[in-house]
Amino acid sequence: MFRRFGLTALLAVFGAFSALAQTSSLEGDVKGEDGKGLQGALVKIDRTDIKGNYKVKTDKKGHYFHAGLPLGTYDLSVEVDGKVIDSVKGVKTRLGDPLPINFNLQETMAKQKAMQQAAQTGQLTEEQKRDMSPEQRAAIEKQMKEQQAKMAKNKELNDAFNAGMAAMQGKQWSAAVEQLTKASTLDPTQMAVWSNLASAYDNWSKETRGEESEKAMAKADEVYKKVIELKPDDASVHNNYGLMLARQKKFKESQDELAKAAALDPPGAGKYYYNLGAILVNTGQNDPAGEAFKKAIEADPNYADAHYQYGIFLTGKATTNADGSLTFPPGTKEAFEKYVQLKPDGPMAESAKGMLQTMGGKVDTQYSNPNAPAPKKGAPKKK
């Protein structure tokens, strides 16, 4: 009985040593993008053949070590600030010395860049193929096909856009519309495509008449709304749309758009209101035009052309007195004086000076026939 007890104890000790011998260990170095040891990186060790999870942090030299791991297959990953920066799968541990598994982020990043370039060019090196698992290779080949399709689409998009811009430069508005419409279907998110398409329709409506002009303007209106939907904070778009609305004699809507442009771009507000005034003058809307020029001056007191045009507007409001003299509305003289002050050599300087000279003079109400024969000497002159 004593001998049986001793045999049982011996077997128990042998079993303990046998279990201890079935464990393994992993170690390695973790280097950052700078090639130096990465301290405090979390190495996660996940067993895949049987559920098991282990983890260890790197020391100040970037080294890690984990003992007591059951023999098995593991996936290792390195995390920094909760983000996985590198990983390796299918590591099979062994008995005896620790199995070294190193991580070098510098090399990993270089490989990733090389793989991205390969995906873009569609060419993998033999070394890259060897380093990939079948799953990785299938994934990269899928990415390569998608990239090639994207590049082909981008080329088609660029070709259509460039053709549209060339047509616009040549003032071939229908051709520009055709090419830019094609570009917009290839990529509906491109702001440059939509804004130029709106401009092409807008210009087409200006240079045609009748039903063709109306259709082009209706399309321009539709596309401008699309552009504003894509980029509501673009002042130039609101400006262009506002000018088109003014040509349609939608003055309230036009002023609203110009007000938005001015609010989005205060330094350019003077220009926006001046452009509106010019459109209104050309469509015979003198009073709204005068108001627009006045707003341009309020937005930019040094906008010389706005002062001149406002002065011209005010001269149209002058009244003739009984003695033939003219009375100009307040601000007329100051408007011309300001223009001359700001642009003494400007294209309207002489005109502005002439207007200033005529102020206070009389209007000749007598009619004289320029084709009448000259009066004889001594004959009384007509009164």
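Going residue by residue through the stretch 44-53, is there one that turns out to be at pLDDT 95 or above, surrounded by 11 or more Cβ atoms within 10 Å (Cβ to Cβ), in contact with a Phe, Trp or Tyr (Cβ under 6 Å, 6 or more places away or on another chain) and under 19 Å from Gln22 (Cα atoms)? The answer is yes; a qualifying residue exists.
Looking at the structure I just gave you, is Glu211 surrounded by fewer than 20 Cβ atoms within 10 Å (Cβ to Cβ) and either more than 26 Å from the chain's Cα centre (by Cα) or within 24 Å of Ile279 (Cα to Cα) (or both)? Before you say what the answer is, go through the steps one by one.
Details: surrounded by fewer than 20 Cβ atoms within 10 Å (Cβ to Cβ): yes; either more than 26 Å from the chain's Cα centre (by Cα) or within 24 Å of Ile279 (Cα to Cα) (or both): yes.
Against the criterion (surrounded by fewer than 20 Cβ atoms within 10 Å (Cβ to Cβ) and either more than 26 Å from the chain's Cα centre (by Cα) or within 24 Å of Ile279 (Cα to Cα) (or both)), Glu211 qualifies.
Filtering the stretch 248-278 to residues that are charged (D, E, K, R) and surrounded by 17 or more Cβ atoms within 10 Å (Cβ to Cβ) leaves Glu257, Lys260, Asp265, Lys271.
I'm trying to understand the selection: among the residues of the stretch 172-183, which are in contact (Cβ under 8 Å) with a residue 24 or more places away in the chain and either in contact with a strand residue (DSSP E or B) (Cβ under 8 Å, 6 or more places away or on another chain) or farther than 18 Å from Lys215 by Cα (or both)? The answer is Ala183, and nothing else.
If only residues of the stretch 317-338 that are exposed (fewer than 12 other Cβ atoms within 10 Å of the Cβ) and of a type outside the set (S, T, N, Q) are counted, the one that is modelled with the lowest pLDDT is Asp323. Within the span defined as the stretch 149-166, one or more residues are at pLDDT 90 or above, within 30 Å of Lys249 (Cβ to Cβ) and not hydroxyl-bearing (Ser, Thr, Tyr). Scanning the stretch 286-305 for residues that are crowded, with 19+ Cβ neighbours inside 10 Å and among the polar types (S, T, N, Q) yields no hits at all. When the stretch 301-344 is filtered for residues that are of a type in the set (Ser, Thr, Tyr) and part of a helix (DSSP H, G or I), the ones remaining, listed by number, are Tyr308, Tyr310, Thr315, Thr332, Tyr339.
The values are calculated or read from the model by the stated rules, or taken from the named source; none is laboratory data. Bear in mind the structure is a predicted one, so any value in this text is a computation, not a measurement. Every residue, glycine among them, receives a Cβ derived from its backbone with ideal geometry; neighbour counts consider all protein chains shown.
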